[in-house]
Amino acid sequence: MKKTLQFSFLICMLLTSKYGYGQKMDSAKRVFQLGQINIIGNSDSLKTNKISAEKLQKYNRLDVAQALNLLPGVTLTAVGPRNESAVTIRGFDLREVPVYLDGIPLYVPYDGYVDLARFNTFNLSEIVVAKGYSSVLYGPNAEGGAINLISRKPLNPFEINATAGFLSGGYRLNTNIGSRINKFYFEVAASQLKRDFYPDLPPKNQTAEKSKKSGQYC
């Protein structure tokens with residue numbers, strides 16, 4: 001009698017475990033399995049135009065406005081009562097084409113126009129221009145593209161670079177001092193560009209002489 005009870009108990013345990021295992025398998029099959037997503041990083045597919053420092057020097061482009069005029073689809077314009085230098089990219093002005101310096105946006109809250117002639121090209125390593133659609137990393141107001149000014153960085157423990165020259169009706173002075181130690185670097189740059197595009201007609205001294213001869217004083 002005792003052996004019969006033990007045998008019956010063992011059969012019940014086996015049936016119960018088999019039923020539980022089968023129920024567990026059925027529950028696992030009912031779970032919806034999401035499709036596997038693989039994310040692979042590739043090169044940037046956005047089409048950009050780049051102006052290198054060598055090209056800036058070759059074509060003697062002293063400010064950013066003149067440099068951008070080298071690219072196709074970019075038109076140099078002047079806006080505002082102060083005749084500030086600006087560009088349009090495929091018909092979009094600077095309110096739809098933001099300007100960045102090493103990824104930091106440059107904004108003018110008053111009217112949205114940045115005077116590109118205020119930025120000299122001496123301390124720039126390249127200028128990157130995205131036309132049309134651009135990366136979402138550029139933020140809002142980038143319907144027409146984006147302009148990113150990339151500053152140069154030193155490669156040696158100590159670097160100094162200076163230039164000076166006379167222009168037609170003006171001069172330019174540029175100085176770069178920098179240092180790089182392992183992963184750390186710094187650079188200090190100073191640049192001045194002064195030019196008088198519109199000479200006085202007639203000259204002031206000639207006007208004063210004519211006024212004295214006619215008996216008038218100015």
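Bear in mind that the values in this text are calculations on the coordinates, not laboratory data. Not measured: the values here are computed from a predicted model. Glycine gets a Cβ as well: all are built from the backbone with ideal geometry, and neighbour counts include every protein chain shown.
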Given 164-175, 59-70, the highest-first ranking by average Cβ count within 10 Å works out to 59-70, 164-175
FRET efficiency for R90 and F158 from the Cβ-Cβ distance with R0 = 35 Å, rounded to 0.05, comes out at 0.20
Gyration tensor on Cα atoms of the stretch 85-191, a ≥ b ≥ c root eigenvalues, a/c under 1.5 rounded, else prolate if a/b beats b/c, else oblate, says oblate
Rounded to the nearest 0.05, FRET efficiency between R82 and Q192 (Cβ-Cβ, R0 22 Å) equals 0.70
The extension gain from K47 to F184, computed as 0.36 nm times the residue separation minus the Cα-Cα distance, is 46.2 nm
Within the under-12-Å Cβ sphere about D93, not counting D93, Lys/Arg +1 and Asp/Glu -1 give a net charge of -2
Once normalised by the length of the stretch 45-152, the mean sequence separation of its alpha carbon contacts under 8 Å that are 6 or more apart gives a contact order in percent of 32
Among K58/K153; K50/K131; K131/K153; K131/K183; K50/K153; K50/K194, the pairs whose Cα-Cα distance exceeds 23 Å are K131/K153; K131/K183; K50/K194
Under the 7 Å Cα-to-Cβ spin-label approximation, Y171 and S125 lie apart by a distance in nanometres of 3.2
